[in-house]
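The next block holds one structure in the form of structure tokens; read it before the comments.
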Amino acid sequence: MTWLLSPAKPFMLAGSSRRILTNVLTTTRSVGRRGLSNAQHFYGNKQLELYAAKEAKPMTLRQLVFFGRSINEERVIISGNYVRTELPVRIAHRLRDLQALPYIVVTQEGMDKVYEMYLSAFDRFRRFPEIKTLEDNEVFCKFVRELLDEHSTVIPNLSLGLSLASPYLAPNRLDSFMRRMLVSRISRRVLAEHHIALSKDLQARRRGNGASSDHVGIIYTALNIRKSVEKCAAYLRSRAFDVDHDMPKGANTTAAWSEIIVDGHTETTFPYIPEHLEYIIFELLKNSLRATRLTHADARTLPPIQATISAGENMVAIRISDQGGGLLLPQIKSPSDLFSFSHLRNSTRMEHSRLGALRSVSSSTKGITATVKEQLGSMSQPTTRERPDRTAPYPRIGIGLPMSNIFATYFGGSLELVSMDGYGTDVYLRLPKLGTNLEGIEV
Ligand code: COI
């Protein structure tokens with residue numbers, strides 16, 4: 001942790017021109033303002049090279065908790081400067097990754113938007129002056145909040161671009177690229193959100209009401225899994241799905257949703273980020289509810305879904321079992337293909353309805369993870385506050401399972417889908433209990 005105590009000096013400003021991939025793609029041979037072709041702007045950014053050559057400094061959940069537990073002015077400033085200097089390094093690595101893709105891939109719809117957003121964020125972070133006071137930190141938190149909001153549509157844009165690009169990229173390469181992009185994005189948002197939350201914790205402490213807090217920054221120190229499952233279940237069961245038009249003609253669309261039974265070690269708690277756990281559980285239960293309804297279209301009462309919790313020495317596990325017919329789909333050879341962004345592994349990626357849904361989410365002001373978060377009112381919002389909109393269906397954009405897999409593995413957990421073909425699906429989610437694993441980011 002010595003690096004946390006010696007924040008790097010800020011970089012001095014360099015050239016100001018923004019390199020926009022769109023220009024590169026449309027006018028590759030044209031000559032830019034400073035006598036460089038746009039392609040040279042795209043590939044030849046000195047600052048980017050400098051930052052991309054640095055190593056990221058991954059953290060463990062435990063380090064984040066220990067550092068933030070006794071937050072004070074000095075620590076919050078150290079934390080701010082860490083985020084200020086670490087995020088441009090992590091973004092630079094991913095910009096380099098984008099540049100290494102075949103040209104035809106980066107020309108796909110959505111990819112230019114992502115590249116542009118990252119290049120702009122990179123420039124703005126590296127120009128941000130060193131944080132020396134709490135007032136500086138307040139300005140920094142506002143700046144970071146704005147960027148977090150601006151980037152809320154990155155995932156649907158990336159997913160759209162890569163789905164369209166999948167005929168041109170081998171599935172392994174496509175999926176490992178996407179994995180690096182998504183893990184890195186989660187990591188940056190964790191660091192950014194955690195710092196903003198720590199700054200709020202400090203304010204609460206100064207007002208004298210931070211002592212009995214159940215969280216440090218965005219991490220709950222004793223997150224109760226059963227409560228998270230119940231929260232997601234209550235929300236999902238009270239809301240309309242876009243499932244009715246997929247039901248066979250004459251089917252009973254009035255049966256109540258499956259009951260969700262929680263059993264096992266139901267009082268298990270562990271330190272974790274509630275938004276990550278709840279994102280995964282929300283997606284898994286949503287899939288189970290939907291599949292059960294479609295499989296038992298004529299039933300008056302739908303079979304229940306079982307969520308079993310277990311607490312091992314190093315891991316906690318949740319198994320979600322449904323009777324939704326399993327994962328035997330003509331488009332899918334192996335359940336793990338459902339995590340793939342390549343149409344060669346999962347042909348639903350190229351379906352018109354899916355691309356259309358992705359396009360509409362990509363251009364909305366809210367990203368999909370933000371939507372789940374809002375729906376569940378995670379962190380400080382009590383469940384009873386939720387007033388579900390019973391009419392708006394969830395957009396089916398096909399990123400719930402791959403994103404759940406990335407969230408599960410980010411701090412060293414796992415997600416496994418087991419199909420009991422013709423009967424149902426068991427999903428095993430395992431998450432580390434002690435918080436000692438480093439973030440799974442790749443350089
Ligand atoms: C992202 O959401 O993709 C980010 O990189 C967030 C960061 C700019 C604060």
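Read-outs: derived from the displayed coordinates by stated rules, not from any lab. For clarity, every value in this text was computed on a predicted model and none was experimentally measured. Quick reminder, even Gly has a Cβ in these numbers, built from the backbone with ideal geometry, and neighbours come from all protein chains shown.
Along the stretch 136-144 the Karplus relation, 6.51 cos²θ - 1.76 cosθ + 1.60 evaluated at θ = phi - 60°, assigns HN-Hα couplings of 4, 5, 4, 5, 4, 4, 5, 4, 5 Hz to successive residues, with x for each Gly and Pro. Under 5 Å from the amide H of VAL216 lie the amide H atoms of THR221, each residue being 5 or more positions distant or on a separate chain, with H modelled from the backbone and absent for Pro and chain starts.
Can you tell which of HIS343, MET315, LEU327 lies farthest toward the positive end of the dipole of the stretch 287-358, using +1 and -1 charges on the Cβ of basic and acidic side chains (Lys, Arg; Asp, Glu)? Farthest towards the positive pole: HIS343. Sequence-ordered 3J(HN,Hα) estimates for the stretch 305-311 from the Karplus curve with 6.51, -1.76 and 1.60 and θ = phi - 60° stand at 10, 10, 10, 10, 10, 9, 10 Hz, glycine and proline given as x. Taking trypsin sites (Lys or Arg not before Pro) across the stretch 164-241, the ones in a DSSP loop with at most 14 further Cβ atoms lying within 10 angstrom of their Cβ are ARG207.
Would you kindly state how much longer the chain becomes between GLU146 and SER238 on full extension, computed as 0.36 nm times their sequence separation minus their alpha carbon distance, in nm to one decimal?
Numbers: separation 92, 0.36 × 92 = 33.12 nm, distance 3.24 nm.
So the extension gain works out to 29.9 nm.
For ALA53 and VAL139, what does the FRET efficiency come to when R0 = 25 Å and r is the distance between their Cβ atoms, rounded to the nearest 0.05? Computed FRET efficiency for ALA53 and VAL139 comes out at 0.30.
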